[in-house]
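Engineer: There's a structure below that I have some questions on.
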Amino acid sequence: FDSNSINKYPFPSEQIPRLSVADPETYRLIKESKPVIITDTNLVGSAAKWDLNYLHENLGKGLFYVYTSNTNKFKYYNSNRAEQCKSFVNPTERHHVTFPQFLQMLKRCSCTDEKVYLQQILNDTVGTNIVDDFLQFNWDWVNKCKAAFGWGQLSSNLLLIGLEGNITPVHYDEQENFFAQISGYKRCILFSPDQFDCLYPHPVAHPCDRQSQVDLSNPDYKRFPKFRNVRPTEAIVGPGDVLYIPMYWWHQIESLLSRGLPPVTVSVNFWYKGSALPDKIEYPLTPQQRVSVMRNVEKMLAAALDDPDKVGGLLRSIVEGRYT
Ligand SMILES: CC1(C)c2ccccc2-c2ccc(C[C@@H](CC(=O)O)C(=O)C(=O)O)cc21
Ligand SMILES: [Zn+2]
């Protein structure tokens, strides 16, 4: 990848540890819900041949979700919530196209400023060769991890084909994630769940629930003063690397410019439901549990007031002059 194309951000960051699949320390970190890059898992080794030609030949005649953005940012939003929210401007557009149409869109990007991001759940609509490659993923290793850490079921594998320069802005997911890089390089910037106060997520009822309101490339310190205190940890993942993104950990993922061709990155993620709640809650709550409590309060108040816009006023009445 082209190292001087890496965006500069106004904060120092630590490096995410890079450990071998054979190193016991790897599993200590996963057990503690800490990010780690795991090498030599061969988790998606069978997908090493997934270049655009192979994918074109074998992904099948189905339709794929391709997002377009006229900036380089692909901020997730909940489309049915977006419909209700008049003032909301969709930051990206979703298209349902065939793979050849996606390749056409890719070509056009070089002359327009538009960016594209293919995101497709790996399911049985794909061709038989892709199914074979999928079955040859290292399920033995990943199932052992699932069992060892008491994770819930695998909820989905997303195939991601992004253009270099694409940015998925800071957000958290409520699932455990083994993020497997197949081709190209991605810079992953992570923030621990206890930095919730620095990252100012949209309200839970907002279309961009779970996404930070702060633009890393242009932070608005007036609206988000605590952003100055963020302490990111980051790493660059390349082919064969697997990044463990623990549930509730904030992450921003950037597809890096590669001198080589074609200018795309390919990744597959493995989203797992979190482990079951312990039958006995320990105190103090973990940062993840605190975020979950805040989410439940916001949801409950939005329902109780029958209007998400009234939640802030009610919370201020509760807190101001009383819980300060
Ligand atoms: C940006 C995009 C295509 C998108 C658009 C609209 C709705 C959902 C999503 C979505 C979900 C996950 C990813 C993968 C990854 C980020 C990355 O690799 O860029 C990530 O965040 C994770 O694996 O947790 C990417 C996307
Ligand atoms: Zn994510």
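Engineer: If neighbour count is taken as other Cβ atoms inside 10 Å, put Val242, Val237 in order from fewest to most. Don't skip to the answer; put the middle values down first.
Structural biologist: Details: Val242 28, Val237 23.
Going from least to most buried by this count: Val237, Val242.
Engineer: To continue, here is another question. Given a Förster distance of 56 Å, report the FRET efficiency between Asn7 and Ala303 from their Cβ-Cβ distance, rounded to the nearest 0.05.
Structural biologist: Values: r = 40 Å, r/R0 = 0.71.
FRET efficiency, Asn7 to Ala303: 0.90.
Engineer: Quick one: if you take sqrt(5λ) for each eigenvalue of the C-alpha gyration tensor of segment 14-275, what semi-axes come out, biggest first, whole angstrom?
Structural biologist: 27, 25, 17
Engineer: Sort Tyr248, Tyr9 so that the residue with the fewest other Cβ atoms within 10 Å of its own Cβ comes first and the one with the most comes last.
Structural biologist: Details: Tyr248 24, Tyr9 15.
Taking fewest neighbouring Cβ atoms as first place, the list is Tyr9, Tyr248.
Engineer: Using the Kirkwood formula over every pair of different C-alpha atoms, what hydrodynamic radius in Å results for segment 103-213?
Structural biologist: On the way: mean 1/r = 0.0581 Å⁻¹.
Result for segment 103-213, one decimal place: 17.2 Å.
Engineer: Turning to a different aspect of this structure: Can you pull out the GluC sites (Glu not before Pro) in segment 210-292 that DSSP calls coil and that have at most 10 other Cβ atoms within 10 Å? It would help to have the intermediate numbers written out before the result.
Structural biologist: On the way: sites: Glu234, Glu254, Glu282; in loops: Glu282.
Here the GluC sites (Glu not before Pro) that fit, given the DSSP loop and packing criteria, are Glu282.
Engineer: Let me know the shape class of segment 93-163, please: from the alpha-carbon gyration tensor, a ≥ b ≥ c as square roots of the eigenvalues, rounded when a/c is under 1.5, otherwise prolate if a/b is greater than b/c, or oblate.
Structural biologist: Values: a/c = 3.06, a/b = 2.15, b/c = 1.42.
The shape class here is prolate.
Engineer: Between segment 264-322 and segment 185-224, what is the separation of their alpha carbon centroids in Å?
Structural biologist: Centre-to-centre distance over Cα atoms comes out at 15 Å.
Engineer: Using the Kyte-Doolittle scale, which helices in the chain average at least -1.0 and also have C-alpha atoms spread 20 Å or more along the helix axis, with helices defined as whole DSSP H runs? The partial results should precede the final answer.
Structural biologist: Values: long enough: 287-304 (25 Å, -0.21).
Those that pass (Cα extent of 20 Å or more, hydropathy at least -1.0) are 287-304.
Engineer: Highest GNM mean-square fluctuation, the chain, Cα pairs closer than 10 Å: which of Asp215, Asp241, Asp51?
Structural biologist: Comparing Asp215, Asp241, Asp51 in the GNM, the peak value goes to Asp215.
Engineer: Positive end of the charge dipole of segment 165-226 (Lys, Arg +1 and Asp, Glu -1 on Cβ, about the Cα centre): tell me which of Pro219, Cys198, Gln181 has its Cα farthest that way.
Structural biologist: Toward the positive end, the furthest listed residue is Pro219.
Engineer: Binning every alpha carbon pair distance of segment 184-274 at 10 Å from zero, what are the percents per bin?
Structural biologist: Taking all Cα pairs of segment 184-274, the binned fractions are 14, 40, 32, 13, 0 percent.
Engineer: If the chain between Gln84 and Arg322 were fully stretched, how many nm would it gain, using 0.36 nm times the residue separation less the Cα-Cα distance? Could you put the intermediate results ahead of the total?
Structural biologist: Details: separation 238, 0.36 × 238 = 85.68 nm, distance 3.43 nm.
Here the answer is 82.3 nm.
Engineer: Could you order the peptides 64-70, 126-132 from most to least packed, using the average number of other C-beta atoms within 10 Å per residue? Before the final figure, lay out the partial values.
Structural biologist: Details: 64-70: 18.0, 126-132: 15.1.
Listed from highest to lowest mean packing, they are 64-70, 126-132.
Engineer: Moving to a separate point now. Compute the length gained on full extension between Val131 and Lys61: take 0.36 nm times their separation in residues and subtract their Cα-Cα distance, giving the result in nm to one decimal.
Structural biologist: On the way: separation 70, 0.36 × 70 = 25.20 nm, distance 1.42 nm.
Value of the extension gain: 23.8 nm.
Engineer: Using +1 on the beta carbon of Lys and Arg, -1 on that of Asp and Glu, and nothing else charged, what's the dipole of the chain about the Cα centre, debye to 20? It would help to have the intermediate numbers written out before the result.
Structural biologist: Numbers: 34 positive and 35 negative charges, 135 e Å.
The calculated dipole for the chain is roughly 640 debye.
Engineer: Let me know the shape class of segment 166-324, please: from the alpha-carbon gyration tensor, a ≥ b ≥ c as square roots of the eigenvalues, rounded when a/c is under 1.5, otherwise prolate if a/b is greater than b/c, or oblate.
Structural biologist: Details: a/c = 2.28, a/b = 1.68, b/c = 1.36.
The shape class here is prolate.
Read the figures in this text as sums done on the coordinates, not as results from a lab. Keep in mind the model is a prediction, meaning the values are calculated, not measured. Glycine gets a Cβ as well: all are built from the backbone with ideal geometry, and neighbour counts include every protein chain shown.
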